[in-house]
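Asks: This is the structure I have questions about; it appears just below.
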Amino acid sequence: MALTDTAVKNARHSGSAAGDKLSDGGGMFLLVKASGKYWRMDYRFADKRKTLALGVYPAVSLGQARKAREKARELLAQGIDPNLHRKAEKLQRAATLENSFQSVAMRWLDQWSIGKTPHTIDYTVKRLERDVFPIVGALPIGEVTAPMLIAIVKKVEERGALDMAARALSNCGQIFRYAVAHGITDSNPASFIKPSDVLPQRKAKHHARITAKDLPQLLRDMDDYQGSILTRIAMQLMALTFVRTGDLIGARWDEFDLVGKRWDIPAHRMKMDTPHIVPLARQALVLLRELHTITGRSEWLFPHESNPRKHMSNNTVLYALYRMGYKGTMTGHGFRGLASTILHEQGFDHAHIELQLAHSDRDEVSAAYNHATYLTQRGKLMQWWADYLQARRADNVIVLPKRKAG
């Protein structure tokens, strides 16, 4: 006789060591033991008697157990052992979990993070956890499609974080390349998507800057600046190195090798999250040695006036230029545009200039970008630029010969 919900609910263990069996037909029965109530199904396969576990009551109801029984009977009719089929499904689920996008991403992170700073690693992990994993993390990586990646990019774009959207796509591409290289999947849907295909392009920002003919006066005005000596040196170093304002005022002494004549800016401080090298000209080294006598005991080149744990404010250089009479005509960023224009006019290689500027389009300049690419040529470029500024400071007339291209 078939069981009823009431009979199952009221079933009690009689004390038998083997337990009490209450049959429901078709080989299925409820095994009542002191430890609980268990759904089982007896069947024969390849002339052997076997038992299949269908679940534990009440987590699995009578109706659910009957559905599991019918599924098992269908498998038997196809010549498939239900127990072996279950084991195969379990292995498949384990493989799927092991090769989920998130699982593969974490294995990629283990390899990618070697040599990276803790800040860079943490920044990347948080980006994946916030923007990527909630959408595709649980899916088998082979089932993640290009439209899914586009959905990730567009969702990040909605909050106005265009750079973050592009970086999320880049990270997905790196994860897929890792998966392809390790035989986990055979395609990389991210390779078919460029940020420019799905993201609006920013309008170019034109920062205020003087022209080349006004450069000599600006250089002399900076030399004669009557405010803080740290601010004066910051402006002079900005002119010599043409780095971004934030890169300069956040510089630490342990980034500098004055003997090796180079400044290594770590990836986590750069706009494009990649390390950058600034070859140091003789004139820059003179300023740095002067500065070291003042702030060498601080971790910062330019410590904050009132809080030694912080560096100089981002607006310090800008306001100094204002006080010197350059409001609306020059900014700290303006030194970058000025250097780019003059160096191009003087015939320096476009690739060398763009790499030294650490522009975001550097991969278009050098497909195999590396922060040390063209370092020798960039060193010569930086020394030429420092000599050029020194000559212009002395006189309005350009005294250096125009450099030939090549």
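The values are calculated or read from the model by the stated rules, or taken from the named source; none is laboratory data. The shown structure was predicted, so the numbers you read here are calculated from the model rather than taken from an experiment. Here Cβ is always computed from backbone atoms with ideal geometry, including for glycine, and neighbour counts include all displayed protein chains. These area figures cover heavy atoms from the full protein model, side chains too; ligands, DNA and RNA do not enter into them. Shrake-Rupley method; radii C 1.70, N 1.55, O 1.52, S 1.80 Å.
Asks: Please pick out the residue among ARG252, ARG209, ARG232, ARG282 that is in contact with a Gly (Cβ under 8 Å, 6 or more places away or on another chain) and either open to solvent by 40 Å² or more (accessible area, probe 1.4 Å) or closer than 19 Å to GLY337 by Cα (or both).
Replies: Answer to the selection: ARG209.
Asks: Next question, about the same structure. May I ask you to verify whether ARG127 is in contact (Cβ under 8 Å) with a residue 12 or more places away in the chain and under 27 Å from ILE265 (Cβ atoms)?
Replies: yes
Asks: Counting only residues that are in contact (Cβ under 8 Å) with a residue 24 or more places away in the chain and of a type outside the set (Val, Ile, Thr), which one in the range 130-145 is most open to solvent (accessible area, probe 1.4 Å)?
Replies: Among them, the one singled out is ALA138.
Asks: Being of a type in the set (A, V, I, L, M, F, W, C), within 17 Å of THR145 (Cβ to Cβ) and either outside any helix (DSSP H, G or I) or open to solvent by 70 Å² or more (accessible area, probe 1.4 Å) (or both) is the filter here, so list the residues in the range 171-201 that pass it.
Replies: Answer for the range 171-201, where residues must be of a type in the set (A, V, I, L, M, F, W, C), within 17 Å of THR145 (Cβ to Cβ) and either outside any helix (DSSP H, G or I) or open to solvent by 70 Å² or more (accessible area, probe 1.4 Å) (or both): ILE184, PHE192, ILE193.
Asks: Any residue that is among the β-branched types (Val, Ile, Thr) and touching a Leu at 6+ places or on another chain (Cβ under 6 Å) - is there at least one of those in the range 140-161?
Replies: Within the range 140-161, one or more residues are among the β-branched types (Val, Ile, Thr) and touching a Leu at 6+ places or on another chain (Cβ under 6 Å).
Asks: Find all pairs meeting these conditions: Cβ atoms under 8 angstrom apart; at least six residues apart or on different chains; first residue within the range 177-200 and closer than 15 Å to ILE141 by Cα and among the basic types (Lys, Arg); second residue modelled with pLDDT of 90 or more and not in a helix (DSSP H, G or I).
Replies: That search, which allows pairs on different chains as well, returns ARG177/ASN188.
Asks: Condition first: more than 25 Å from LYS380 (Cβ to Cβ) and of a type outside the set (Gly, Ala, Ser). Now tell me which residues in the range 219-248 satisfy that.
Replies: Listed by number, the residues that qualify are ARG220, ASP221, ASP223, ASP224, TYR225, GLN226, ILE229, LEU230, THR231, ARG232, THR245.
Asks: Looking for something outside any helix (DSSP H, G or I), more than 24 Å from PRO275 (Cβ to Cβ) and open to solvent by 10 Å² or more (accessible area, probe 1.4 Å) - is there at least one such residue anywhere in the range 146-169?
Replies: Yes, because at least one residue in the range 146-169 is outside any helix (DSSP H, G or I), more than 24 Å from PRO275 (Cβ to Cβ) and open to solvent by 10 Å² or more (accessible area, probe 1.4 Å).
Asks: Cβ contacts < 8 Å: first residue open to solvent by 90 Å² or more (accessible area, probe 1.4 Å), restricted to the range 1-27; second residue of a type in the set (Ser, Thr, Tyr) and not in a strand (DSSP E or B), any location; separation 6+ or different chain. Result?
Replies: ASP5/SER61
Here is a yes/no grid of residues against (1) aliphatic (A, V, I, L, M); (2) out of contact with any Lys or Arg (no Cβ under 9 Å at 6 or more places or on another chain); (3) open to solvent by 70 Å² or more (accessible area, probe 1.4 Å):
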{"site": "ASP223", "(1), (2), (3)": "no, no, no"}
{"site": "GLN236", "(1), (2), (3)": "no, yes, no"}
{"site": "LEU240", "(1), (2), (3)": "yes, yes, no"}
{"site": "ASP247", "(1), (2), (3)": "no, no, no"}
{"site": "ILE265", "(1), (2), (3)": "yes, yes, no"}
{"site": "THR274", "(1), (2), (3)": "no, no, no"}
{"site": "ILE277", "(1), (2), (3)": "yes, no, no"}
{"site": "VAL286", "(1), (2), (3)": "yes, yes, yes"}
{"site": "ASN307", "(1), (2), (3)": "no, yes, no"}
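Asks: A follow-up question, please. Can you tell me which condition ALA11 does not meet? The list is (1) at pLDDT 90 or above; (2) within 56 Å of the chain's Cα centre (by Cα), and all the others hold.
Replies: (2)
Asks: While we're looking at this one, here's another question. Inside the range 334-352, can you point out the residues that are surrounded by fewer than 20 Cβ atoms within 10 Å (Cβ to Cβ) and outside any helix (DSSP H, G or I)?
Replies: Listed by number, the residues that qualify are GLN346, GLY347, ASP349.
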